[in-house]
Amino acid sequence: MAVCARLCGVGQSRRCRRRPRQNQQDQSSDSDMDEEEEERIVGQRRGDAGAEAPDGGVNTAGPSRVHCSGAGSKRHGVGLPHPQVLSELPPELLVEIFSLLPGIALPNVALVCKTFRQILNTETIWRRRCVEEFHMKEDLRKMESGGVSSRDLYVKLLHPYRHILGLWQPDIGPYGGLLNVVVDGLFIIGWMYLPPHDPRVEDPMRRRPLFRIHMWDNKKATVECMYGHKGPHKGDIQTVKKDEFSTKCNQTDHHRMPGGRQEEFRTWLEEEWGRTLEEIFHEHMQELILMKFIYTSQYDNCLTYRRIYLPPAMPTDLTQPGLFKGTYGSHGLEIVMLSFHRNSARATKLTGDPNVPAGQLTLDVDLSQPLLLPDLEHQRNVEELSRLVLGVHQQVRSEAREDTTAPVRVPAEGACGGVSSAEGLEVNHGVGSDGCQAGPSGDTGPPETQPFILPLGVMARNEVYPRTCRKCFYGTGLIAGHGFTSPERTPGLFVLFDEDRFGFIWLELKSFSLYSRLTDGLAHAHAQNMEQFEAMLRNMQSWTS
């Protein structure tokens, strides 16, 4: 303690006491306390130093020994004693120490003694907790001047609702969704993320506020529902259990429109699809849109949400994992989560449809089965592509039947695309031996890019797609009937275009899906480790199975 006291400026003279204060002036304003606050606390402690002890003398125990005047020290000819306990440290040093503690520990610190309780009234401590724990970037001093202290902001808003920050999936039957709960000034806002209008997959995501929690005064936090077109109104949030919470609107009449359900549908259609029903000529697509409106509008923003995590990135990943927007035919654009698991890449639906609901594994890519595309002339022939992919598909199924417990197959040495040399010569028309593409861990990598074009007869919602790609792999895609009946994994081709785009050719459907990365910053969203992420994936699939 003596060494700590000397380092902190509790020395033998006033000169030693002043030196650290000069150094403190060079620190940033976020970590220092205000001069006014410092003078207030120090003044209180100096006032305590002059208090008389019960026996009539001056009380020299406790904090007063640290703050006794320099004149008294000179008069007695002895220096100030070193503090023996934490409470004897200077108040500005205690402020700095307490600012480093997590906010959840500070209430227990306040129970230690009156001195600590007084120190914890310092706004600097709570201001720092708001910034470091909740990444607040606003000028908290301006908020304090407006009547809301950093302490009240932390104690009554940020800390009680800290468990709902991050990414969530609403329980809306097969449709799912993506909710991001963030801190925004004096608000905690729940933003529903919506894909761009079909088929503009590379446009930014759209956001719609579903609820907000605010601090207009120092009394309590208030929950408001933001659904509908009449402005914020009363709502409620309940924490059901860990990693799950529910929202409830207390004034659902605010969701209604004067023109009734027809006007609500027209408004929803314009927001959701960017078109009127008359502009959508496909009759099956019209039915799907009407079905989604009827199903989703019945909830009136009274929903249950389950926490989801973003996958952790690994050095061996084919590309950065994360969220992507993808085209799904008449169902429009949907959001998937791309993750990597040893020798496989998986895309899991966060939003879904009546055929394949949210939470299901839409794409399963075998990274041990790379494929080298033929020249452009042969790429135009869908039969040529089918023979290439189906050859690997049959081989994988044959090996699975022979030994279901065998590890994922690694391509044989010298084989092209994970098949034997003879098979490689048969399916890779016009490709020399130097064009062989190794797997993700191979020593000889493929060219930087290779030409790519969709085969004739393969439908694409978005005809603007990259004309070069980096790598291709065999994979399977999940298809099913209405109501998720007769689900089946069918073979296809996974195409990695660049860091932010990939595609999948569904051979049986003769359809192409283009996926583009969601680039929004998502705080409080990443899983701590791969085990936590994989457990979340299993739970997600069980919700809609």
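So with the 1.4 Å probe, I'd like the accessible area per residue for the stretch 136-201, rounded to whole Å². Working shown, then result.
Working: 2310 Å² over 66 residues.
For the stretch 136-201, the per-residue accessible area is 35 Å².
May I ask for the distance between the Cα centers of the stretch 456-531 and the stretch 83-101, given as a whole number of Å?
56 Å
At a probe size of 1.4 Å, how large is the accessible area of Lys471, to the nearest 10 Å²?
40 Å²
As a quick test, which of the pairs Lys137/Lys292; Lys156/Lys349; Lys349/Lys471; Lys114/Lys242 have an alpha carbon distance above 32 angstrom in this structure? The partial results should precede the final answer.
Details: Lys137/Lys292 38 Å; Lys156/Lys349 36 Å; Lys349/Lys471 23 Å; Lys114/Lys242 35 Å.
Among Lys137/Lys292; Lys156/Lys349; Lys349/Lys471; Lys114/Lys242, the Cα-Cα distance tops 32 Å for Lys137/Lys292; Lys156/Lys349; Lys114/Lys242.
Kindly sort Trp168, Trp216 by accessible area of their heavy atoms, largest first, with the probe set to 1.4 Å.
On the way: Trp168 5, Trp216 160 Å².
So the residues, ranked largest to smallest area, are Trp216, Trp168.
What accessible area, in Å² to the nearest ten, does a 1.4 Å probe give for Phe340?
20 Å²
Label the stretch 461-545 by shape, choosing from rounded, prolate and oblate, from the square roots a ≥ b ≥ c of the eigenvalues of the Cα gyration tensor; if a/c is under 1.5 it is rounded, and otherwise prolate applies when a/b is larger than b/c, oblate when it is not. If you can, show how the numbers build up before the last one.
Details: a/c = 2.03, a/b = 1.13, b/c = 1.79.
Verdict is oblate for the stretch 461-545.
Between Ser486 and Asp236, what's the calculated FRET efficiency when r is the beta-carbon distance and R0 is 41 Å? Round to 0.05. Don't jump to the answer; show the numbers that get you there.
Details: r = 41 Å, r/R0 = 1.00.
Result of the calculation: an efficiency of 0.50.
Would you mind getting the accessible area per residue of the stretch 245-389, heavy atoms of the protein chains only, 1.4 Å probe, in Å²? Could the numbers behind the result be given before it?
Values: 6020 Å² over 145 residues.
Using a 1.4 Å probe on heavy atoms only, each residue of the stretch 245-389 averages 42 Å².
If you average the sequence gap of Cα pairs under 8 Å that are 6 or more apart and divide by the length of the stretch 277-385, what percent do you get for the contact order? Let's see the in-between values first.
Working: 116 pairs, mean separation 14.7, N = 109.
Relative contact order comes out at 13 percent.
Cβ under 11 Å from Glu508's Cβ, Glu508 left aside: what net charge do those residues give with Lys, Arg +1 and Asp, Glu -1?
Working: positive: Arg489, Lys510; negative: Glu488.
Charge balance in the 11 Å sphere: +1.
Run the accessible area of the stretch 200-275 with a 1.4 Å probe and give the carbon-and-sulfur part as a rounded percent. Please list the in-between numbers first.
Numbers: 2130 of 4550 Å².
Ligands and nucleic acids excluded, carbon and sulfur give 47 percent.
Which value, in Å² rounded to 10, gives the accessible area of Trp191 with a 1.4 Å probe and all protein chains present?
Counting only protein heavy atoms, Trp191 exposes about 50 Å² to solvent.
Counting Lys +1, Arg +1, Asp -1, Glu -1, what net charge surrounds Ile479 among other residues with beta carbon under 15 Å of its beta carbon? Walk me through the intermediate numbers first.
Numbers: positive: Lys349, Arg489, Lys510; negative: Glu334, Asp353, Asp364, Glu488, Glu508.
So the environment of Ile479 carries a net charge of -2.
Which residue, Gln169, Gly147, Pro204, has the largest displacement toward the positive end of the dipole of the stretch 140-218 when charges sit on each Cβ (Lys, Arg +1; Asp, Glu -1)?
Gly147
Ranked by accessible surface with a 1.4 Å probe, highest first, in what order do Met459, Met530 come?
Values: Met459 125, Met530 40 Å².
Listed by decreasing accessible area, they come as Met459, Met530.
How large is the charge dipole for the stretch 81-164, taken about the Cα centre, if only the Cβ atoms of Lys, Arg (+1) and Asp, Glu (-1) carry charge, to the nearest 20 debye? Provide the component values of the computation, followed by the final result.
Numbers: 11 positive and 10 negative charges, 49 e Å.
Using Cβ point charges on Lys, Arg, Asp and Glu, the stretch 81-164 gives about 240 debye.
Count the net charge of all other residues whose Cβ sits under 10 Å from the Cβ of Thr276, scoring Lys and Arg as +1 and Asp and Glu as -1.
Details: positive: Arg266, Arg275; negative: Glu270, Glu278, Glu279.
Local net charge: -1.
The values are calculated or read from the model by the stated rules, or taken from the named source; none is laboratory data. Treat the numbers as computed from the prediction; the structure is a model and nothing was measured. Don't worry about glycine lacking a Cβ; one is built from the backbone with ideal geometry, like all the others, and counts go over all protein chains shown. Ligands, DNA and RNA are stripped out before the accessible areas are found, and what is left, the full protein with its side chains, is counted by its heavy atoms. Shrake-Rupley method; radii C 1.70, N 1.55, O 1.52, S 1.80 Å.
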